[in-house]
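Read the figures in this text as sums done on the coordinates, not as results from a lab. Here the structure is a predicted model, which is why all the values come from computation and not from measurement. Here the Cβ positions follow ideal geometry from the backbone for every residue, glycine too, while neighbour counts run over all protein chains shown.
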């Protein structure tokens, strides 16, 4: 067994490939030793990942990141709306929107969404939807029920779809939840969605609402907007792609 | 082009062996490269393997947005599972997947409670709603409905928040489901949660109980600990805590 002792191995000329091993060989970094580099590529030159040298990775191969990929985050701070106008396409069959710390500026406002087909910009697609809710008051008096709610549903309506109604605007009052949008780029079928939110109802009660329906168009959906029915809002909304 | 044929290259001095210069490409023509620890040029660990294929210290950029498994807790005839680390501001949402939850006592309720930062006793104030969808195992659709359950909810209560009620203790009657806890590290808002659990009702020949519970922990203090337990007696089960970024 031959062994070479040196501190540096370089190619004979600058910027040439330095090749380790031959086909069928194993190149071994001895256990206990560490391999340090910023970019790892496969033998075809495709980047697996790149680090900036501070542990922050980019260009990570999609197979390493799992199947639920954070696409973008919108942070609304006393904003009129939060819109996702890029990233909704045929890349994923399922888009998940997660809502955290949704707090309206106006008490009793509804948290809502609408979408645009690719040929539209006015957030007024036709929706048919169903909703039911379970609610319970802090006092234990009055409301303790689960029931269909005719208020937020739509029958071929073009209004913003209510995901949570009568949200409290107190300093500690908020909502959280998620919305699933299926196959938005499909040009054959309507676009189904369902979601659920848990929130602080304005009259000091816990409310859990379930919403489902379809956007009644065969045109692809590529924009989605979230806003309160009146007034501004604080919220963090994250869009994920799954698939 | 020069070829150096050798089996081992080691540092002549110190413990650093440098391959290539800035701008060069190091090509490994062999079929694999074997190393247990990968770091970037700044010395930040990207992942470490134990040599048996089990990775640790995996850079968050390599694991995606989640759900990311944080911890697994196993109860074996235990009075509770207490998760006292890992709940912080790292994730916006925590997801607890509970499987094979089997009580020692027939008819026990399975639930959870939390501690705010610095608190103990697992007795935070909760307001919640609860409803079930159920069906009779023996008399199909004779006792089937969707109904609100006033015994399972809380109005500013500090009790165990039920995930599944009146569960069966037989070996084939465990409970399973998922609890979502949102923004537990917030010091501005109350802490919302919702859960769905599938359980086996213990009496009358057995029911499928699809348990929906939701509510808020009515505190603006951060939540950093959670316990899962039965209302009475011990239990078996596995609880996995995931984070979602």
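Find the relative contact order for chain B and round it to a whole percent, using C-alpha pairs within less than 8 Å whose residues are 6+ positions apart.
Normalised by residue count, the contact order of chain B is 29 percent.
To the nearest 0.05, how large is the calculated FRET efficiency for residue A:19 and residue A:63 if R₀ is 35 Å and r is the Cβ-Cβ distance?
Between residue A:19 and residue A:63 the formula returns 0.85.
Using the number of other C-beta atoms within 10 angstrom as an exposure proxy, rank A:49, B:112 with the fewest first. Let's see the in-between values first.
Details: A:49 21, B:112 25.
So the residues, fewest neighbours to most, are A:49, B:112.
Placing one identical point scatterer on every Cα of region B:14-78 and ignoring solvent, what is log10 I(q)/I(0) from the Debye formula at q = 0.13, 0.20 Å⁻¹?
The computed values of log10 I(q)/I(0) come out as -0.58, -1.09.
Between Rg and the Kirkwood Rh of region B:68-244, both from Cα atoms, what is the Rg to Rh ratio? Write out the running numbers ahead of the final one.
Details: Rg = 15.7 Å, Rh = 16.2 Å.
Over the Cα atoms of region B:68-244, Rg/Rh equals 0.97.
I'd like the projected area of region A:22-101, averaged over all directions, using the convex hull of its alpha carbons. Report it in nm² with one decimal.
Its Cα hull, projected and averaged over all orientations, spans 9.7 nm².
Please rank A:233, B:95, fewest neighbouring Cβ atoms within 10 Å first, as an exposure proxy.
Numbers: A:233 26, B:95 20.
Exposure proxy ranking, most exposed first: B:95, A:233.
With the Cα gyration tensor of region B:163-245 giving a ≥ b ≥ c as the square roots of its eigenvalues, does the rule (a/c under 1.5 for rounded; else a/b larger than b/c for prolate; else oblate) give rounded, prolate or oblate?
In terms of gyration-tensor shape, prolate.
Among DSSP bridges having both ends in region B:68-244, what percentage is antiparallel? Round to the nearest 5.
In region B:68-244, approximately 100 percent of DSSP beta bridges are antiparallel ones.
Express in whole angstrom the spacing between the alpha-carbon centres of region B:144-190 and region A:105-170.
That distance is 24 Å.
Run the paramagnetic zone check for residue B:89: 7 angstrom along Cα to Cβ, then residues of region B:190-226 with backbone nitrogen under 15 Å.
B:221-224
With a cut-off of 8 Å between alpha carbons and a minimum separation of six or more residues, what is the relative contact order of chain A in percent?
Details: 570 pairs, mean separation 70.4, N = 243.
After rounding, I find 29 percent.
Which three lengths, in whole Å and largest first, does region A:43-163 cover when its Cα atoms are put on their principal axes?
66, 41, 28
On full extension of the chain, what length is gained from residue A:74 through residue A:218, given 0.36 nm per residue of separation minus the C-alpha to C-alpha distance?
49.1 nm
Of B:3, B:126, B:81, how do they rank once you tally other Cβ atoms within 10 Å and put the fewest first? Kindly include the intermediate steps, with their values, before the conclusion.
Details: B:3 6, B:126 28, B:81 21.
Result, fewest neighbours first: B:3, B:81, B:126.
Which value in nm describes the separation of the simple spin-label points at residue A:118 and residue A:242, placed 7 Å from the Cα toward the beta carbon?
2.4
When the Debye formula is applied to the Cα atoms of region B:135-203, each taken as the same point scatterer, what base-10 log of I(q)/I(0) results at q = 0.23 Å⁻¹?
-1.21
Enter the mean projected area of the convex hull around the alpha-carbon atoms of the protein assembly as shown, in nm², rounded to one decimal.
Seen from a random direction, the Cα hull of the protein assembly as shown projects 29.4 nm² on average.
Which residues does the label zone of residue B:135 cover in region B:208-232, counting backbone N under 15 Å from a point 7 Å along Cα→Cβ?
The answer is B:208-211, whose backbone nitrogens lie closer than 15 Å to the label point.
In region A:65-242, if every C-alpha pair distance is counted and binned at 5 Å from zero, what percent goes to each bin?
Over region A:65-242, the share of Cα pairs per 5 Å bin runs 2, 9, 18, 22, 20, 15, 9, 4, 1, 0 percent.
Averaging over every viewing direction, what projected area does the convex hull of the Cα atoms of region A:10-57 cover, in nm²? Walk me through the intermediate numbers first.
Details: hull surface 19.4 nm².
For region A:10-57, averaging the hull's shadow over all directions gives 4.9 nm².
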